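The values are calculated or read from the model by the stated rules, or taken from the named source; none is laboratory data. Small disclaimer: the values here were computed from a predicted structure and weren't measured. Virtual Cβ from ideal backbone geometry, glycine too; neighbours counted across all protein chains shown.
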Amino acid sequence: MKILSVSALVCERLLQEEDRVPSAIRLADIFQLPTYSPPLPSALQVIDVSLLVVIKATETDESNHRVLVTMTRPDGEVTEMFSHEGVRFANFTPFAETPSGVSLGLRFHISAKILGVHFFKIFLNGELIATTAFTILEQAEELR
C-alpha cells in the first residue's frame, strides 16, 4: 500500500454529517487565551483543539494499521495524544480506481501551561507521515 496524500488540519471544531463526511470549522493555528478577572494563570487554562487527519492510499487495505498522534510542546515535552491499532483503509465507492482512505476526527483538551508553538506529529505504522503546528498565546492587548 502506497500513501498518496496526508492532510492534517487544526481547527476549533469538527462536525460529522449524517453521511459521515467531516467538516472542519474555523481552521485555526493560533489559539489565544481569554482574559479573566481576577487573572487566571495560563497553567490553569485549557484550550479545545480539534485535529482532522485524512490519509489516502493507492489501494484498499483490510489489514490493521497503527495510527499515532503525538504533541510536542515548545520545551520539547512529547505527549502521546492518540493511538489506535485497528485502522483500515477502505474504499466506499463502487469505483476501484478511487483511492482508499481513512479520516480521523480528534478533539483534545490541552493545558496552556506552556505558551508558544506546539506540533502534532502523525505516524502510520511507526513512520512519520505528517506534522502540523499550532500556537498558544496570551490574548493580544488590543483584544482585551
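Here are the numbers for the structure shown:
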| item | result |
| --- | --- |
| Single residue of segment 56-73 satisfying the filter (surrounded by fewer than 17 Cβ atoms within 10 Å (Cβ to Cβ), outside any strand (DSSP E or B) and not acidic (D, E)) that is modelled with the highest pLDDT | T58 |
| Tabulated pairs, segment 1-19, first assigned to a loop (DSSP other than H, G, I, E, B), second polar (S, T, N, Q), C-beta under 7 angstrom, 6+ apart or interchain | M1/T58; K2/T58; E17/S23 |
| Test: S50 is over 21 Å from the mean Cα position of the chain (by Cα) and not hydrophobic (A, V, I, L, M, F, W, C) | no |
| Output for segment 77-110, where each listed residue is among the charged types (D, E, K, R) and either in contact (Cβ under 8 Å) with a residue 60 or more places away in the chain or surrounded by 11 or more Cβ atoms within 10 Å (Cβ to Cβ) (or both) | E77, R88, R107 |
| Any hit, segment 59-66, residues being touching an Asp or Glu at 6+ places or on another chain (Cβ under 7 Å) and more than 22 Å from F119 (Cα to Cα) | yes |
| Among (1) under 20 Å from T135 (Cβ atoms); (2) in contact (Cβ under 8 Å) with a residue 40 or more places away in the chain; (3) surrounded by 14 or more Cβ atoms within 10 Å (Cβ to Cβ) - the single one D48 does not satisfy | (3) |
| Segment 116-132, subset within 17 Å of L33 (Cα to Cα) and surrounded by fewer than 17 Cβ atoms within 10 Å (Cβ to Cβ), residue farthest from the chain's Cα centre (by Cα) | G116 |
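Here's the yes/no breakdown for (1) part of a loop (DSSP other than H, G, I, E, B); (2) on the phi > 0 side of the Ramachandran plot; (3) aliphatic (A, V, I, L, M):
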{"position": "A96", "(1), (2), (3)": "yes, no, yes"}
{"position": "G105", "(1), (2), (3)": "no, no, no"}
{"position": "I114", "(1), (2), (3)": "yes, no, yes"}
{"position": "I129", "(1), (2), (3)": "no, no, yes"}
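Rundown of residues vs (1) of a type in the set (G, A, S); (2) under 16 Å from I3 (Cα atoms), yes/no style:
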position: K56; (1), (2): no, yes
position: E59; (1), (2): no, yes
position: H65; (1), (2): no, yes
position: H84; (1), (2): no, no
position: S100; (1), (2): yes, yes
position: L106; (1), (2): no, no
position: H109; (1), (2): no, no
position: L124; (1), (2): no, yes
position: Q139; (1), (2): no, no
